[in-house]
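The values are calculated or read from the model by the stated rules, or taken from the named source; none is laboratory data. Everything numeric in this text was worked out from a predicted model, so none of it was measured. Here the Cβ is made from the backbone with ideal geometry for all residues, glycine too, and neighbour counts use every protein chain on show.
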Amino acid sequence: MKKLVDANPSRGLLRVLLRMPLLLYGIGLGWLLGQRFLLLKHLGRKTGLEHRTVLEVLRSDKACDSYIVASGWGEHSQWFKNIQQRPEVEIEVAGRRIKATATRLSEQQAEQELGDYAWQHPIAYRTVGSLIFGKRAVTTVEEFARLAKTIPIFVLQSREDGGRF
């Protein structure tokens, strides 16, 4: 069973598909993706340069500007490594720019968020699960617990003071 997390996302058709949302944000059309995706601007842990990544929003609370996102590539993704060291980020979602702080959820919280996402977005969950794991995603408590151990889940919470990015 070949897993996508073992695949190299920097090559071929997969790269093109994964880069499309970033291109939309680059030409000012990121708002077309609505509330389901956000643009994460983060600083490189070694260079300090700004990087941009588009992430799917698992859940959001617009009242307090918090967004739950997952690192589908696990702990191997560069944005994950960067925000571990520099959690102050900026996000753009539905045409709004928000200065935020990234905080990793506990395994128990991540398990709950994955379960809620699978229940609210069953087609997306099955599709993403089949891409990542090479098989149909299973919606059991045991599967959510297993995923929570390998898929880091973060809350991106607005910084009330506006903070400095």
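Based on what the data block shows, is residue 100 more than 20 Å from residue 20 (Cα to Cα) and of a type in the set (Gly, Ala, Ser)?
Working: more than 20 Å from residue 20 (Cα to Cα): yes; of a type in the set (Gly, Ala, Ser): yes.
Taking the combined requirement at face value, the residue satisfies it.
Of the residues that make up segment 30-51, is at least one outside any helix (DSSP H, G or I), of a type in the set (Ser, Thr, Tyr) and touching a residue at least 24 places away in the same chain (Cβ under 8 Å)? Please lay out each step first, then the result.
Narrowing segment 30-51 to residues outside any helix (DSSP H, G or I): 34-51.
After this cut, where a residue has to be of a type in the set (Ser, Thr, Tyr) as well, the list is 47.
Checking which are touching a residue at least 24 places away in the same chain (Cβ under 8 Å) leaves us with none.
Looking through segment 30-51, none of the residues is outside any helix (DSSP H, G or I), of a type in the set (Ser, Thr, Tyr) and touching a residue at least 24 places away in the same chain (Cβ under 8 Å).
Which count do you get for residues in segment 31-55 that are surrounded by 17 or more Cβ atoms within 10 Å (Cβ to Cβ) and either within 25 Å of residue 120 (Cα to Cα) or touching an Asp or Glu at 6+ places or on another chain (Cβ under 7 Å) (or both)?
First, the residues of segment 31-55 that are surrounded by 17 or more Cβ atoms within 10 Å (Cβ to Cβ): 33, 37-43, 53-55.
Pick out the ones that are also either within 25 Å of residue 120 (Cα to Cα) or touching an Asp or Glu at 6+ places or on another chain (Cβ under 7 Å) (or both) and you get 33, 37-41, 43, 53-55.
Selection size over segment 31-55: 10.
If you check every pair at least six apart or on different chains, which have Cβ atoms under 6 Å apart with a residue in segment 65-91 that is under 18 Å from residue 150 (Cβ atoms) first and a residue that is surrounded by fewer than 20 Cβ atoms within 10 Å (Cβ to Cβ) and among the small types (Gly, Ala, Ser) second?
Cβ pairs passing all conditions: 71/77.
In segment 146-161, what residues are assigned to a helix (DSSP H, G or I) and modelled with pLDDT of 75 or more? Write out each step before concluding.
Keep residues of segment 146-161 that are assigned to a helix (DSSP H, G or I), which gives 146-150.
Within segment 146-161, 146, 147, 149, 150 qualify.
Looking at segment 62-103, which of its residues are among the aliphatic types (A, V, I, L, M), more than 12 Å from the chain's Cα centre (by Cα) and under 15 Å from residue 36 (Cβ atoms)?
Across segment 62-103, the qualifying residues are 93, 94.
If you go through segment 133-145 one residue at a time, do you hit one that is outside any loop (DSSP other than H, G, I, E, B), modelled with pLDDT of 75 or more and closer than 30 Å to residue 45 by Cα?
yes
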